Amino acid sequence: MKKLMRKIDRFCITHPRFGIPNLMLYLVIGTGLVWLLGKMDTSKTLLYALEFNAGKIFLHGQIWRLVTFVFIPDSSGIWLLIALYFYYFIGKTLESHWGPGKFLAYYLSGMLCNILFGTLVWLLSGWEAPVSAMYLNLSMFFAFATLFPETVVLLFFIIPVKIKWLAYIAAAYFALVVLTGFRVFPSNLLPVVAVLNYLLFCGDWLFDKFRPSAFKQKKKTIDFKKAAREYNRQQANKPYTHKCEVCGRTDREYPDLEFRFCSKCIGYHCFCVDHINSHIHFKE
């Protein structure tokens, strides 16, 4: 996962136009419009035309369903407004931390996982799984809580609560769906699909944070002078002096970019100013 995340980070750096700024705002507005139009459409024709349906996609070429299913609202009324507010808040914060490119990659990955699950169920059983963005959106609470567990939000705009507790509630709901008859099999596996996408992007941080102390590696004392000499020896025959371990940018390609060395990594590792505070620390 670490190598994959580094490749995603590097791709986002080398392709700065990849990404949709304010993606969550567009998703929230689109969901609100679909809900509003759906209330006017008593026959539910619009919602049926937008929902994920593998048979309609692969047999009738209705490929727009591969995207439009994320705009199907999972609640209504005041509950929908509250949910959309929290989705926007969480999504906007993740986008600010990760960048538009990585946040788009997270959301596209979640959509792809749901599409593959719905398609597989249809191919194996002929049954249409109720695929939606509900669990994907809820999984953003897990990502946010992993990165900012102590952040306090106002539940129902009144009750102050730390975001990690909301994530625990979401996790309990996921477990309820998977382990009980709350959803018919295989629909009860949809939360697992969302969790797998979350673990792909945040699993390393989560496992490192909650790993029992007995299994954590003891912190090693780093001899920076010795490490610096070894680093300079390795760099002697290279056409650059500094290279970011995450995105691969060098001081030759970007002479105005600032580079720093991380004191928490084991060894002597260089990072650009964009990744010095957000990289995964080297443990060996």
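Annotations
- Three-way shape call for segment 2-126 based on the alpha-carbon gyration tensor, with the a/c threshold at 1.5: oblate
- Estimated D of segment 1-60 in µm² per second, where Rh is the Kirkwood radius over Cα pairs and Stokes-Einstein applies at 25 °C, 0.890 mPa s: 163
- Over the chain, relative contact order from alpha-carbon pairs under 8 Å, at least 6 apart, %: 17
- Convex hull volume of the C-alpha atoms in the chain, normalised per residue: 178 Å³.
- Global form of segment 57-182, assessed from the alpha-carbon gyration tensor, a/c cut-off 1.5: prolate
- Neighbour-limited loop hits for chymotrypsin sites (Phe, Trp or Tyr not before Pro), segment 2-67 (at most 15 other Cβ within 10 Å; DSSP other than H, G, I, E, B): Phe18, Trp64
- Segment 91-178: chymotrypsin sites (Phe, Trp or Tyr not before Pro) in DSSP loop, at most 16 other beta carbons within 10 Å: Trp127, Phe156, Phe157
- Applying D = kT/(6 pi eta Rh) to segment 126-194, where Rh is the Kirkwood radius over alpha-carbon pairs, T corresponds to 10 °C and eta to 1.306 mPa s, the Stokes-Einstein value obtained is 121 µm²/s.
- Fewest-first ordering of Ile159, Ile82 by other beta carbons within 10 Å of each residue's beta carbon gives Ile159, Ile82.
- Stokes-Einstein D (µm²/s) once Rh is taken as the Kirkwood radius of segment 31-76 over alpha-carbon pairs, at 4 °C in 1.567 mPa s: 119
We did not get these values from a lab; they are worked out from the coordinates using the rules stated. The model shown is predicted, which means the values in this text are computed figures rather than measured ones. Here Cβ is always computed from backbone atoms with ideal geometry, including for glycine, and neighbour counts include all displayed protein chains.
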